[in-house]
């Protein structure tokens, strides 16, 4: 049994986003065979009989006492940036890379002024490099993500003769820990949508947007499709499960306001399209089981390719058919496992047809077997295996301290160049002094009067100062 410290960079509590959920579930899954402490920023209203919950200050807090007693530290995001002493404790560090935050930031801050965005990007980039250089074991959420991070790791010399000799597959350097599913069967405990929420009747057909309205997603195409569908399907309703992130740090998203504005312009707001507040983690099942299908759409950009839409997993857990945009790993799943339909990005007509087709397809019952098979494979206790193996027998990466980073190489090359410049300067000055003395000696040998005059000068204070300088240059 190992002592494991999981450090969450995001809130963990009754209301939490994907990062908090992942840390919470990983901590619980690892607690089956280990003593696990989950460090959560600031405070939490969540409790556990299996995991030790430790609130801490993300900026300025001190995790050193608990970290020193750990066999493995698991972290992500800005945890190492705010707590750099963790890298000096000589304890193996496992780094979760499931959020491609730099790619999210490209979309999120695309409208920012260059004066603010470029320095911020440089800082985010530096924080990412810190994690890649210090980690002993890395994990991400999909094979596609793993390819992305293998490129990063190679560029930082973490793929090298040492890590290759350790394991030619490099699975001991970076492996995949998918986002998993709860082990319990989903059970509705409360009626919160149909016949309860104002404007949504018992016999309505409900489309659920099962996550947040992030700037890298595309709810606008879905709202426009609703504008096309509602005249023919007046009982069709769209409910956004989470409008804004529960962590106030994740603020400044433009998409919630844009989505609300468009729904009002189309006359759909609070009539056919509804925006809910962030739903508590334990309450989400009541919305998922009351919906008829889920839609998650996104534009075509680089973040999409390496994203991991965690809320799609909730749909699999509750056997909720899915319509999603092509281009990400989850869309590949939907298509390969026949969990619903995929559509081209920003195509209102294709999305409208897919929704219309799904409404007449038989709903959950038509996809029950596919979802059942996936649920058996994706329980948190199963997907966490590679990380659990690492925690059982943790190790330090074999290449630590063996290779210079590019920054170190540049610094050493610059210092060597500076030493050469100083040495060349000293040699030049020394030669100038010798040449000058030779010229003076030649002149004195030809002129006795000048020689006597120089002998008198050599006893003066300025000449003695000159001799001191000459000796100093000679020594250097």
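The values are calculated or read from the model by the stated rules, or taken from the named source; none is laboratory data. Just so it is clear, the structure is predicted and the values come from calculations on it, not from any experiment. All Cβ positions, glycine included, derive from the backbone under ideal geometry; neighbour counts span all protein chains shown.
Taking the stated definitions as given, is residue 67 surrounded by 17 or more Cβ atoms within 10 Å (Cβ to Cβ) and at pLDDT 90 or above?
Considered against the rule, which asks whether it is surrounded by 17 or more Cβ atoms within 10 Å (Cβ to Cβ) and at pLDDT 90 or above, residue 67 comes out as yes.
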Residue match in segment 104-114 (condition: touching a helix residue (DSSP H, G or I) at 6+ places or on another chain (Cβ under 9 Å), surrounded by 18 or more Cβ atoms within 10 Å (Cβ to Cβ), outside the structural domain of residue 216 (by TED's automatic domain parsing) and within 29 Å of residue 68 (Cβ to Cβ)): no
Selection count where residues are touching a helix residue (DSSP H, G or I) at 6+ places or on another chain (Cβ under 7 Å), over 23 Å from residue 183 (Cβ atoms) and without any contact (Cβ under 8 Å) to a residue 60 or more places away in the chain, scope segment 329-359: 6
Residue in segment 357-368 that is modelled with pLDDT of 90 or more and part of a helix (DSSP H, G or I) present: yes
Residue in segment 146-163 that is at pLDDT 90 or above, closer than 30 Å to residue 64 by Cα, in contact with a strand residue (DSSP E or B) (Cβ under 6 Å, 6 or more places away or on another chain) and not in a strand (DSSP E or B) present: yes
Single residue of segment 173-217 satisfying the filter (crowded, with 18+ Cβ neighbours inside 10 Å and over 28 Å from residue 375 (Cβ atoms)) that is modelled with the lowest pLDDT: 215
Test: residue in segment 118-135 that is assigned to a helix (DSSP H, G or I) and under 23 Å from residue 317 (Cβ atoms): no
Residues that are exposed (fewer than 11 other Cβ atoms within 10 Å of the Cβ), modelled with pLDDT of 70 or more and closer than 26 Å to residue 88 by Cβ, drawn from segment 397-436: 401, 415
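Quick grid of which residues meet (1) more than 27 Å from residue 147 (Cα to Cα); (2) modelled with pLDDT under 90:
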| residue | (1), (2) |
| --- | --- |
| 257 | yes, no |
| 263 | yes, no |
| 284 | yes, no |
| 288 | yes, no |
| 293 | yes, no |
| 313 | no, yes |
| 326 | no, no |
| 330 | no, yes |
Hits in segment 1-19 - residues which are under 24 Å from residue 91 (Cα atoms) and out of contact with any strand residue (DSSP E or B) (no Cβ under 8 Å at 6 or more places or on another chain): 19
